[in-house]
Amino acid sequence: MAVQTSLPFEEVAVRAKVSSPLRALPVREGHWDELRDASGQLRPTWRRFFDLLGDEGIAGLDHAVDSIAQQVRDNDISYNVYADNGEPRPWALDLLPFLIDEAEWAKLERAIRQRATLLNAIVKDVYGPQTLLHKGFLPPALVFGHPGYLRSVKGFVPPGGQYLQLVAVDLARAPSGEWVIMAHRTEAPSGLGYALENRLIVAGVFADQFRSMRVQRLAPFYRG
C-alpha cells in the first residue's frame, strides 16, 4: 500500500511540458532523491507506479498537466499573497503525487501521533494545574504574554480532554532520507481545503493507479 500526501513532488520537472516523467532534474549533492536510489534506479514505490501507468499513460502526461491546470482554473482554486496587495494567484499543483510506502508512513504516523499527544497534554496543563509553569519547564512570559492565551478558559475541560482539534507538522528529508519535523501547527486549518482539492484532482488523473496501489483515502478524516 502507498500513501499520497498533499505535498508537491519537488524534484521532477513536470510544471513545464515534458516528454517523460523520468526526465528529472539532477539532485544536488547532499540532498535526498525521492525518485531514484543511489544507483540511479527508481525506488520501489515509484517503479510500481510507473509500471501501472504504462507507456500509454506516460505518453499522455503532457495532456494531464494541461488537464490539471484547467481544473484548477475551473474550480477557481487560488491563494492570496500579502505582497501582492491581496491579489489572488492560481494554486500551483504538480502532476505527480508524492508517494510514501506503507512502512515509512507507519513510522511517521507513530511519531506525529506521539507529538500530538504531547502537545495536547501541554495545553491541558497550561489551562489546568500549570505544573510545567510552577516547575520552571515553561517560561511564564511565553504563556501569559502570548496573544492566543485565553485567561478566561483557565480550568475549562473540553469534551474528552481534547484541547487541540488539529495538529499539523512541516516535514523535510535529511540527506540520509530520514524524516525531520521542522515545525508544528495548530492554527485554523486553512490548508485542509487545498489538501482535499489536491487529492481530488490528482486522484482523478491517476484513478486506476491509486486504486491498484491502495492509496489511503482522505475522506474519513474530513468526516472525522
Practice problem: Pull up the stretch 123-161, narrow it to residues that are in contact with a helix residue (DSSP H, G or I) (Cβ under 7 Å, 6 or more places away or on another chain) and either assigned to a strand (DSSP E or B) or aliphatic (A, V, I, L, M) (or both), then point me to the one that is nearest to residue 38 (Cα to Cα). | Solution: 138
Exercise. Read through the list (1) part of a loop (DSSP other than H, G, I, E, B); (2) under 30 Å from residue 54 (Cα atoms); (3) touching a Lys or Arg at 6+ places or on another chain (Cβ under 9 Å), then give the number of the only condition that residue 177 fails.
Key: (3)
Quiz item: Within the stretch 70-108, which residues are closer than 19 Å to residue 191 by Cα, in contact with a strand residue (DSSP E or B) (Cβ under 9 Å, 6 or more places away or on another chain) and either among the polar types (S, T, N, Q) or outside any loop (DSSP other than H, G, I, E, B) (or both)?
Solution: 72, 73, 78, 79, 80, 88, 89, 90, 98
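Taking the options 106, 121, 111, name whichever one is over 30 Å from residue 150 (Cβ atoms) and either modelled with pLDDT under 95 or surrounded by fewer than 17 Cβ atoms within 10 Å (Cβ to Cβ) (or both). Talk me through it step by step, then tell me what you get.
On the way: 121 fails: over 30 Å from residue 150 (Cβ atoms); 111 fails: over 30 Å from residue 150 (Cβ atoms).
Step by step, each of 106, 121, 111 is checked, and only 106 is over 30 Å from residue 150 (Cβ atoms) and either modelled with pLDDT under 95 or surrounded by fewer than 17 Cβ atoms within 10 Å (Cβ to Cβ) (or both).
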Quiz prompt | Scan of the stretch 198-224 for residues that are out of contact with any Leu (no Cβ under 8 Å at 6 or more places or on another chain), charged (D, E, K, R) and assigned to a helix (DSSP H, G or I), ordered by number | solution = 211, 223
Quiz item: Which condition number does residue 16 fail, the rest of (1) surrounded by fewer than 12 Cβ atoms within 10 Å (Cβ to Cβ); (2) at pLDDT 70 or above; (3) assigned to a loop (DSSP other than H, G, I, E, B); (4) not polar (S, T, N, Q) being met?
Solution: (2)
Practice problem: Go through (1) part of a loop (DSSP other than H, G, I, E, B); (2) at pLDDT 95 or above one by one and return the number of the condition residue 164 breaks. | Solution: (2)
Quiz item: Can you spot a residue in the stretch 156-171 that is under 12 Å from the mean Cα position of the chain (by Cα), under 30 Å from residue 65 (Cβ atoms) and exposed (fewer than 13 other Cβ atoms within 10 Å of the Cβ)?
Solution: yes
Quiz item: With respect to the numbered conditions (1) farther than 29 Å from residue 70 by Cα; (2) more than 16 Å from the chain's Cα centre (by Cα), which one is the sole condition not fulfilled by residue 206?
Solution: (1)
Quiz item: Assuming residue 138 fulfils every condition listed in (1) surrounded by 12 or more Cβ atoms within 10 Å (Cβ to Cβ); (2) closer than 30 Å to residue 90 by Cβ apart from one, which condition is it?
Solution: (2)
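The values are calculated or read from the model by the stated rules, or taken from the named source; none is laboratory data. Values in this document were obtained by computation on a predicted structure and should not be read as measured data. All Cβ positions, even for glycine, are placed from backbone atoms using ideal geometry, and neighbour counts span all protein chains on display.
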